[in-house]
Amino acid sequence: MARVSRITLALTALLGVAVLGAPNAASAAAQDNPTAFNTREQFLDAHPTPIMDKVCIDRRIQLAAGNYDWKQILGDAKRLNVYLGADWYTWEDCLIPDDGFYRQETSLNPDNSDWDTIRLEDSERLSQSAVFTWGSFLDPL
């Protein structure tokens, strides 16, 4: 049931895709910036194999300095209350078919070369073949 609510959340909030703003406190970031999504809707086979194609989605996003909750959609990996500096980031989600499951790899790579790329990784087995929304979202706190 939790997966259905995450998918519903993603589908209803796809319009709130830009997180832009001045570098203010985290509370200001939350007020000024909606939750941002990096998602794709796609048919997924319940029995993936390693010979199937890896699929990635990416986008550029400018973030205000502050704390964020960062969570995967489909996978369950998350980083709660993570501090991100004000900068442009390359945000990538990849879904990699494996032997009966999918690996989901998510990253935020800042343009600032002094900062590290942060990552989320998880794997997911599907109970049925269907159209799923997968990716991740950033929610300013």
Quick one: which of 63-69, 53-59, 83-89 comes out on top by average Cβ neighbours within 10 Å, and what's the full order, highest first? 63-69, 83-89, 53-59
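Using DSSP to call loops (not H, G, I, E or B), can you name the trypsin sites (Lys or Arg not before Pro) in the range 61-141 whose Cβ has at most 13 other Cβ atoms within 10 angstrom?
Details: sites: 71, 78, 79, 103, 119, 125; in loops: 125.
Qualifying residues, ordered by number: 125.
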Exposure proxy check: 101, 132 ranked by fewest other beta carbons within 10 Å? 101, 132
Using a 10 Å cut-off around each Cβ, can you sort 96, 73 from fewest to most neighbouring Cβ atoms? 96, 73
Under a crude label model (7 Å from the Cα following the beta-carbon direction), how far is residue 82 from residue 101 in nanometres? 2.0
Inter-label distance, nm, simple model (7 Å from Cα along the C-beta direction), residue 125/residue 46: 1.2
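Only the coordinates and a few stated rules stand behind these numbers; no lab work does. Note that the structure is a prediction, hence the values are computed from the model and not measured. Quick reminder, even Gly has a Cβ in these numbers, built from the backbone with ideal geometry, and neighbours come from all protein chains shown.
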